[in-house]
Amino acid sequence: MTKPTHSRPEPVLRWWRELVLVLIFYGLYSMVRSTFGAGSESRTIAFRHARGVIRVEDTLGLWFEPSLQQWYLDLPNHGFIRGWNIFYGTAHFAVTIGILLFAFVKAPRVYQFARTALAGTTLLALVGFAAYTLMPPRLLDDASEYGACAGLEPGCHGYGIVDTLDVWGGIWKFGDGGAAIVSNQYAAMPSLHFGWSMWCAVTALLVLRALNRSTDVAKRHWWVFLYPAATLFCILVTGNHYWLDAFFGAVALGGGWLIALGIDRWILSRTGAPASQPYNSGPDLAEAART
């Protein structure tokens, strides 16, 4: 007698409901991100934390951000740094939204899981923004109201890191217009730019795995990780983050993934489908996340 298997039904997704959830969550994200450490009064705390990060990196022999940026800007045409500034201001949202839509259309169950993981990652990052106000490298020698040299001469601390967005421009600047109002100058730890880019790569692999029903997707589609690699280079060379920000961005992603796995297992327990069994279509996400 064949033992019956339990399978989990396909989630019923409504685009308008997902859009409402995204807008509500982004509103919460913007409110928290722009409230904690957003004002110039946080400058002293943010700079103290920045010096702490630099000490840790220096102790590890990995305080290379100034030399990396200087090497790149010494390239012909400053390495076309404005292109990286534009990448920094656009890809973070455009690629993430694109991957969300890709998963929503092609693999609803992957979308449901990945959306939860992205929300969990962002919530953990918000805790970091609120608890650890951090001055990014680009402000260490900056003399604006948010810079460590406010009221003094630019370059007063001698770190030698340039705010490339301010010097060469992009699609916006942190200190101008609407960006100055909604931006938190000290929301650097952890780096959501890197955390979200890693989420994009892993989610793309999960969708491809669901479509191809294959376990060796990562070997054949390794190129998806070029995006987080480019993002890491971008946030460092433009002076927007320390490499430790990226490290903890990956930690936040890991935490978001665990949150999604916990919720996914809870859903499985309610539907009666064991986590070790495949679903009707696509792979078991909990199993996929472990491979």
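The values are calculated or read from the model by the stated rules, or taken from the named source; none is laboratory data. No experiment lies behind these values; they were computed from the predicted model shown. Because the Cβ atoms are built from the backbone with ideal geometry, glycine has one as well, and the counts that use them run over all protein chains shown.
At a glance:
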| item | result |
| --- | --- |
| Index of the failed condition, C149 passing every other in (1) part of a helix (DSSP H, G or I); (2) free of Cβ contacts under 8 Å to residues at least 60 places away in the same chain | (1) |
| Filter result for L73 (hydrophobic (A, V, I, L, M, F, W, C) and modelled with pLDDT of 95 or more) | yes |
| Sole residue being within 14 Å of the chain's Cα centre (by Cα) and within 21 Å of V251 (Cα to Cα), chosen from A94, A131, A114 | A114 |
| Meets criteria (farther than 24 Å from L226 by Cβ, within 19 Å of the chain's Cα centre (by Cα) and assigned to a helix (DSSP H, G or I)) for A119 | yes |
| Qualifying positions in segment 26-70 - of a type in the set (G, A, S) and at pLDDT 90 or above | A46, A50, G52, G61, S67 |
| Index of the failed condition, Q69 passing every other in (1) surrounded by fewer than 20 Cβ atoms within 10 Å (Cβ to Cβ); (2) part of a helix (DSSP H, G or I) | (1) |
| Contacts under 6 angstrom Cβ, first residue in segment 69-98 being under 15 Å from A230 (Cα atoms) and not assigned by TED's automatic domain parsing to the domain that holds N240, partner surrounded by fewer than 17 Cβ atoms within 10 Å (Cβ to Cβ) and of a type in the set (K, R), 6 or more apart | none |
| Residue in segment 209-223 that is surrounded by 19 or more Cβ atoms within 10 Å (Cβ to Cβ), at pLDDT below 95 and not charged (D, E, K, R) present | yes |
| A130 closer than 30 Å to D264 by Cα, of a type outside the set (S, T, N, Q), in a helix (DSSP H, G or I) and at pLDDT 90 or above | no |
| Residues satisfying the stated conditions in segment 108-157, i.e. among the hydrophobic types (A, V, I, L, M, F, W, C) and either in contact with a His (Cβ under 7 Å, 6 or more places away or on another chain) or more than 17 Å from G256 (Cα to Cα) (or both) | A130, A131, L134, M135, L139, L140, A143, A148, C149, A150, L152, C156 |
